[in-house]
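Here the structure comes first, spelled out in structure tokens, and everything after it is commentary.
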Amino acid sequence: MPSIRPATPADFPAIERIARQTWPATFGAILSPDQIEYMLNWMYQPDALTGQVEQQGHVFLLLLDDAGEPLGFVSYELHYRNEPVTKVHKLYLL
């Protein structure tokens, strides 16, 4: 049965892999391959993901298939802009 669990830094390579698989299909009609690569490097390298979690308060969850393989992820932030608001920043599924 598929499951959802909090992501840890050990999961950052899987998050980057999913982003690299989904971004071309999602943004390929509006961004060049070079722009997509720039954005992926800017937002999905392990150091960037660490900063999003540690400095910006983002929370990442992973969707896992029956075998425990990552199928997607979501990131969200509680208290966005110090308001009683939750913001979903990213949501990508294979």
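For the reader, a short list of remarks on this structure follows.
- Gaussian network model of the chain, Cα within-10 Å springs - most flexible of Gln55, Gln21, Gln45: Gln55
- Charge dipole (debye, nearest 20) of the chain; +1 at Cβ of Lys and Arg, -1 at Cβ of Asp and Glu: 200 debye
- Of all accessible heavy-atom area on the range 1-41, the percent that carbon and sulfur account for (1.4 Å): 66 percent
- A crude spin-label estimate for the pair Gln45 and Ser3, with each label 7 Å from Cα along the Cβ direction, gives 3.3 nm.
- Heavy-atom surface of the chain, accessible at 1.4 Å and reported per residue (Å²): 64 Å²
- The Cα center of the range 38-94 and the Cα center of the range 15-31 differ in position by 15 Å.
- Dipole of the chain, positive end: most advanced residue of Pro13, Ala67, Leu49 [Cβ charges, Cα centre]: Leu49
The values are calculated or read from the model by the stated rules, or taken from the named source; none is laboratory data. Bear in mind the structure is a predicted one, so any value in this text is a computation, not a measurement. Every residue, glycine among them, receives a Cβ derived from its backbone with ideal geometry; neighbour counts consider all protein chains shown. Accessible surface areas use protein heavy atoms only, side chains included; no ligands, DNA or RNA. Shrake-Rupley method; radii C 1.70, N 1.55, O 1.52, S 1.80 Å.
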